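This report concerns only the one structure given below.
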Amino acid sequence: MARRRVKLAYISNDSKRKATYRKRKKGIIKKVSELTVLCGIPACAIICSPFDSQIEAWPNREGVERVIERYENTFVIDQSKNVNQESFLRERISKAEDQLKKLRRDNHEKELTMAIFQHMQDGNLQNISFEDANDLNKLIEKNLNDIEIKMAKLSV
């Protein structure tokens, strides 16, 4: 027989709510116990209930204190590694801006290369600004230098 899905809502009947609490508490403790055994990790459960006057701690109070102490010590050590959202976003924006600059530079270089090929085909250099002419000159010198290096490698 298949289980039916339980509707998650506040249980208004006190006796049913207490019975459900006891069953679910037992299930949670069982799951934490299984987690510690199967994965070999320290874990604990602290359960506060309006039905019990005492707070229940699993596996015991000392075990809970060890886990909490370990968490606090780890948190202090790792806090220097953690970054807040604002610094994370600033870093991401900075990286994105650097990437955009690089892409713009590459795009400009490709446009200049296309202008060189266009000039080679029809002998006409379209309206080009002084800055683009300087960039074109630098690109030609770079390409010539690359060709000379490749030729030197081939002749060796």
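The values are calculated or read from the model by the stated rules, or taken from the named source; none is laboratory data. Being a predicted model, the structure only gives us computed values, none of them experimental. Positions of Cβ are backbone-derived with ideal geometry, glycine not excepted, and every protein chain shown enters the neighbour counts. To get the accessible areas, we keep the full protein, side chains included, count just its heavy atoms, and leave off ligands, DNA and RNA. Shrake-Rupley method; radii C 1.70, N 1.55, O 1.52, S 1.80 Å.
For 64, 37, the ranking by accessible surface with the largest value first comes to 37, 64, using a 1.4 Å probe. A dipole drawn for the chain from +1 and -1 charges on Cβ atoms has a positive end, and of 58, 84, 12 the residue lying farthest that way is 12.
For region 143-150, putting each phi into the Karplus relation 6.51 cos²θ - 1.76 cosθ + 1.60 with θ = phi - 60° gives couplings of 5, 5, 4, 4, 5, 4, 5, 5 Hz, in residue order, rounded to whole numbers and with x for Gly and Pro.
Here's how it looks for residue 45: its modeled amide H is under 5 Å from those of 58, which are all 5 or more places away or on a different chain.
Compared with the direct C-alpha span, the chain from residue 48 to residue 118 gains 17.4 nm at full extension, assuming 0.36 nm per residue. The residues of the chain expose on average 93 square angstrom of accessible surface per residue, using a 1.4 Å probe on protein heavy atoms. Backbone geometry of region 39-53 corresponds, through the Karplus equation with coefficients 6.51, -1.76 and 1.60 at θ = phi - 60°, to 3J(HN,Hα) couplings of 9, x, 10, x, 8, 8, 9, 10, 10, 10, 9, x, 7, 10, 6 Hz, x marking Gly and Pro. The accessible surface of the chain, taken with every protein chain in place and a 1.4 Å probe, is 55 percent carbon and sulfur. Dividing the helix sum by the residues of the chain, where each DSSP H run of 4 or more adds -39500 (n - 2.57), gives a mean residue ellipticity at 222 nm of -25000 deg cm²/dmol. Mean sequence separation of contacting Cα pairs (under 8 Å, at least six apart), scaled by the length of the chain, corresponds to a relative contact order of 9 percent.
Using heavy atoms of the protein chains and a probe of 1.4 Å, the accessible area assigned to residue 74 is about 60 Å². In the chain, the alpha-carbon atoms span a convex hull of 433 Å³ per residue.
Overall, the chain carries a charge dipole of about 2160 debye about its Cα centre when +1 sits on the Cβ of Lys and Arg and -1 on the Cβ of Asp and Glu, all other atoms neutral.
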